Amino acid sequence: MVTTFFDSSVLAAFYLAEPCSAAARKAVAGVPVVPYTALHHLEVRNAFRLLVAWKRMTAGQLAAVLSRLEEDIDAGRLAQMHVSLDAVFSRAEELSERHSRRLLTRSLDVLHVAAALELSCPRFVTLDTRQSRLAAACGLNVTNLRGKASGRRQN
């Protein structure tokens, strides 16, 4: 059973060496199954590619981190979850209409929360304060690894 949804920022930090990486590794290690959706697949890889473009990662480092990511997918540590993109986008539109003006959430933030809800994950882990506020407003148990958790219950 999948209980915890990780935003792409947490999964990217899990594979990198950045200020929140230790917290991301601890959070990910604490759950048996990490859901990995098509949204994660695109956003995490794109984040790594941008690091190369910004000269914060070499092409060789990119190849290595993508290899580690694939190993975790193949091993089932990152569990590929198939969720209807139509359902996710429909729910995201509803969430945007209800919350974005007040919470200033971006489209990708809303899509991740919608995906978590579609997967019936009661817990949401992120590095983004606005996204954590949206997840909490939707009734999810939120952990913001930047230390500014704002959820139904703080972990």
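Throughout, read-outs are computed from the coordinates displayed, never taken from laboratory work. Since we're looking at a predicted model, the values are computed, not measured. Virtual Cβ from ideal backbone geometry, glycine too; neighbours counted across all protein chains shown.
Below are the figures for this structure:
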read-out	value
Residue exposure sequence - LYS26, LYS55 - by fewest surrounding Cβ within 10 Å	LYS55, LYS26
Packing-based exposure ordering (other Cβ within 10 Å, fewest first) of ASP109, ASP86	ASP86, ASP109
Whole-Hz couplings from phi, Karplus 6.51/-1.76/1.60, listed for region 22-33; x for Gly and Pro	4, 5, 5, 5, 5, 5, 5, 5, x, 10, x, 10
Order of SER96, SER8, SER67 under a 10 Å beta carbon neighbour criterion, fewest first	SER67, SER96, SER8
When the convex hull of its Cα atoms is projected in every direction, mean area for region 38-92 (nm²)	4.5 nm²
Region 43-50 - phi-based ³J(HN,Hα) in whole Hz, Karplus 6.51/-1.76/1.60, Gly and Pro as x	5, 5, 5, 4, 4, 5, 5, 5
Among (1) 81, 38, 29; (2) 50, 41, 32; (3) 44, 28, 28, the entry that matches Cα extents along the principal axes in Å as calculated here	(3)
Helix-derived mean residue ellipticity, 222 nm - over the chain, DSSP H n ≥ 4, -39500 (n - 2.57), to 500	-16000 deg cm²/dmol
For PHE5, residues with placed amide H under 5 Å, excluding near neighbours	ARG123, PHE124, VAL125
Choice from ALA114, ALA87, ALA75 showing the highest fluctuation, given a GNM over the chain with Cα pairs closer than 10 Å	ALA75
